[in-house]
Each structure stands twice: as structure tokens, then as C-alpha cells.
Amino acid sequence: MALTEETIEDKIEVVGEHKMVHVRTVIIISRDGVEVSRKFHRHVVAPDSDTSGESPEVQAICAAAHTQAVKDAYAEYLAAQEIA
């Protein structure tokens, strides 16, 4: 009985005004090639996030979506939230 674990980023979406990148990762546990468990994890990459720990695909999407204009608008949004 061989157990294997596979981790896949199965969904990457750019969402909202500030182009938040939503990443869904699935961990699949299989026994002798038959899936026995599936677990999902999600995280969000904001325009001001460090993407160095992300996969190359997520880094490329962030580079395209998080333009300087988006980063500036997000910084202004965060600054306005601190004032309120």
C-alpha cells in the first residue's frame, strides 16, 4: 500500500478593483493510485505582497496584474483606511 501526496495550484484568479490574486491549492492523497483524500487551501496575494515565495505561474500573473498604477491605487486605499 503506497501512499502518495500531490500538491497542485488548481485555480488562480485576479479579483476586484485592486487586482487581488486568489490562489487555490489542492493536496491530493492517493493510495495505490486511488484518491482517498482531497484538501483545499486558499491564499491571496495583494499588490504590495512579496511574491518571491510564489510559484513561477503566480509570479507571472502578479507581474501582469499588479501594475504600478494598481500598486499606487492600493497604497492610497490602505492609507485612507488608516485615516478612517
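The figures follow:
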{"read-out": "Dipole in debye (nearest 20) - segment 45-84, about Cα centre, beta carbon charges: Lys, Arg +1; Asp, Glu -1", "value": "80"}
{"read-out": "Helix 68-83 vs. the chain, principal-axis angle (Cα, 0 to 90°, nearest 10)", "value": "80"}
{"read-out": "Residues residue 39 and residue 80, FRET efficiency given R0 of 30 Å [Cβ-Cβ distance, rounded to 0.05]", "value": "0.20"}
{"read-out": "Under the Karplus curve 6.51 cos²θ - 1.76 cosθ + 1.60, θ = phi - 60°, whole-Hz ³J(HN,Hα) for segment 59-65, x wherever Gly or Pro sits", "value": "4, 5, 5, 5, 4, 6, 7"}
{"read-out": "Listed residue (45, 27, 79) projecting farthest to the positive dipole end of the chain, Cβ model", "value": "27"}
{"read-out": "Highest-fluctuation residue, 11, 39, 19 considered, GNM on the chain with Cα pairs under 10 Å", "value": "39"}
{"read-out": "Quotient of C-alpha Rg and 2.2 N^0.38 Å, computed over segment 26-84", "value": "1.69"}
{"read-out": "Rounded to the nearest 20 debye, dipole of segment 3-83 from Cβ charges on Lys, Arg, Asp, Glu", "value": "240"}
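Coordinate-derived values only; no laboratory data. Keep in mind it's a predicted model, so treat the numbers as computed, not measured. All Cβ positions, even for glycine, are placed from backbone atoms using ideal geometry, and neighbour counts span all protein chains on display.
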